[in-house]
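Written out below as structure tokens is the structure these notes cover.
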Amino acid sequence: MSTTEVDPATTNSPEAAMASRARFAALVQRQGAFAIFVLVMVVASFSFDSFLSRGNLTGIAVQASFLAMLALGMTFVIMTGGIDLSVGSVFALGGVLAAWGSQHGTLVAFALPLGVCGFIGLVQGLVIARGGLPPFIVTLAGLLFARGLLLLLTDEGAKTYKVPAGSAFRKLAQNDLLGIPYPVLLVVLFFAIGALVLHRTSYGASVLAIGGQEDAAELMGLPVARTKVLTYVASALLAGFGGIMIASYTSSGVTILGVGLELEAIAAVVLGGTLLTGGAGTILGSLIGVLLLQVIKNVINQVGSLDSDWQAVVSGTILLGVVTLQRWLTRAERT
């Protein structure tokens with residue numbers, strides 16, 4: 001009986017070492033946020049007695065659910081190599097429109113913000129995809145338009161629309177199923193759909209291809225322009241739906257909400273492993289990124305002696321480290 005001998009020179013060859021390094025880099029890029037999240041959770045659970053209490057964890061999940069809606073849409077946008085700076089203002093506009101619409105019925109509370117926010121996303125997508133303008137400039141204009149419309153509707157923030165006490169609209173975010181709040185259940189549902197769309201549809205494949213190399217995607221005959229338009233429409237609709245949830249949760253349309261939220265959404269997506277250059281990322285990673293940011297906020301609040309500014313400092317430091325690590329990992333995968 002003959003035996004097969006393994007040549008050590010082969011297993012220790014430069015090619016094998018490079019392949020091993022590339023696999024490790026890809027693993028860290030995909031699972032790095034989850035490892036940090038688990039580490040923070042473990043440290044916090046030993047540091048604060050109330051951290052793992054049902055009430056605190058439920059509060060983290062509910063607060064994270066609003067940002068998660070924006071992050072889901074932002075994930076697809078960044079995967080195409082774009083950016084959407086308008087989602088924070090669109091989120092706030094959706095909340096105000098939902099609160100106003102709830103005074104005229106639950107259907108209006110849903111249809112009005114989704115219609116207006118979806119239209120903003122459509123215009124942005126068409127200008128970016130058909131007009132060839134940079135997403136940064138176009139969505140910055142969308143941010144200013146949505147915020148200006150919001151101020152116009154609320155007399156520059158002086159008027160706050162209230163959801164009627166007996167409105168069924170409140171049930172969207174204030175009720176629960178088997179102890180799990182509706183916003184959390186909706187986020188799980190939407191992210192599951194998002195994962196299926198990304199990995200099981202031609203649209204998802206087109207998103208990744210466009211982010212990887214747009215010129216090559218066009219040569220392959222992929223619907224580049226249509227995919228981009230759909231992506232920005234979906235991002236605006238998800239931001240608008242997040243606004244609907246916050247209006248239901250607070251029973252009002254608060255004008256100051258959403259300021260800077262687009263930056264938190266981008267941070268969560270990048271923390272989750274999606275490359276800012278596009279072409280790679282995961283839906284689950286973005287959800288982990290959202291939860292990581294929310295846990296950091298909760299830990300800082302638990303400390304008590306630190307003000308809210310430390311949330312931005314800590315989150316920004318982690319984000320800078322992740323972006324730097326992503327750049328190194330991307331080079332390691334390619335070499």
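The values are calculated or read from the model by the stated rules, or taken from the named source; none is laboratory data. Bear in mind the structure is a predicted one, so any value in this text is a computation, not a measurement. Ideal geometry is used to build each Cβ from the backbone, glycine not excepted, and the neighbour counts take in all protein chains shown. Side chains included, ligands, DNA and RNA excluded: accessible areas come from the protein's heavy atoms. Shrake-Rupley method; radii C 1.70, N 1.55, O 1.52, S 1.80 Å.
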By how many nm would the segment from residue 140 to residue 317 lengthen if fully extended, with 0.36 nm per residue of separation less the alpha-carbon distance?
61.3 nm
For residue 45 and residue 277, what does the FRET efficiency come to when R0 = 30 Å and r is the distance between their Cβ atoms, rounded to the nearest 0.05?
0.25
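Quick one: if the Förster radius is 30 Å, what FRET efficiency do residue 302 and residue 175 give, using the C-beta to C-beta distance and rounding to 0.05? Don't skip to the end; give the middle numbers.
Numbers: r = 27 Å, r/R0 = 0.91.
Efficiency for this residue pair is about 0.65.
Which shape class, rounded, prolate or oblate, goes with region 50-334 when its Cα gyration tensor gives a ≥ b ≥ c as root eigenvalues, a/c under 1.5 marks rounded, and past that a/b bigger than b/c marks prolate? Could you put the intermediate results ahead of the total?
Values: a/c = 1.68, a/b = 1.22, b/c = 1.38.
Here region 50-334 falls in the oblate category.
Please give the per residue accessible area of region 158-228, computed with a probe of 1.4 Å over protein heavy atoms only, in Å².
Numbers: 4100 Å² over 71 residues.
That works out to 58 Å² per residue.
Calculate the FRET efficiency for residue 111 and residue 162 from the Cβ-Cβ distance with a Förster distance of 22 Å, rounded to the nearest 0.05.
Efficiency computed from Cβ-Cβ geometry: 0.70.
When ranked by the protection proxy of mean other Cβ atoms within 10 Å per residue, highest first, what sequence do the peptides 185-198, 260-273, 135-148 form? Let's see the in-between values first.
Details: 185-198: 16.4, 260-273: 24.1, 135-148: 19.0.
My ranking of the peptides, most packed first, is 260-273, 135-148, 185-198.
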Once phi is turned into ³J(HN,Hα) by the Karplus curve 6.51 cos²θ - 1.76 cosθ + 1.60 with θ = phi - 60°, what whole-Hz value does each residue of region 188-200 show in order, with x for glycine and proline?
4, 5, 5, 5, 5, 5, x, 5, 5, 4, 5, 9, 10
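If you roll a 1.4 Å probe over region 28-165 with all protein chains in place, what percent of the accessible area is carbon or sulfur? Intermediate results must be reported in sequence, preceding the final value.
Values: 4330 of 6060 Å².
That fraction is 71 percent.
Per 0.36 nm of contour for each residue apart, how much would the distance between residue 263 and residue 225 grow if the chain were fully extended, relative to their Cα-Cα spacing? Walk me through the numbers on the way to the answer.
Working: separation 38, 0.36 × 38 = 13.68 nm, distance 2.54 nm.
Gain on stretching residue 263 to residue 225: 11.1 nm.
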Work out, step by step, the length gained on full extension between residue 213 and residue 63: first 0.36 nm times the residue separation, then minus their alpha carbon distance; give nm to one decimal.
50.4 nm
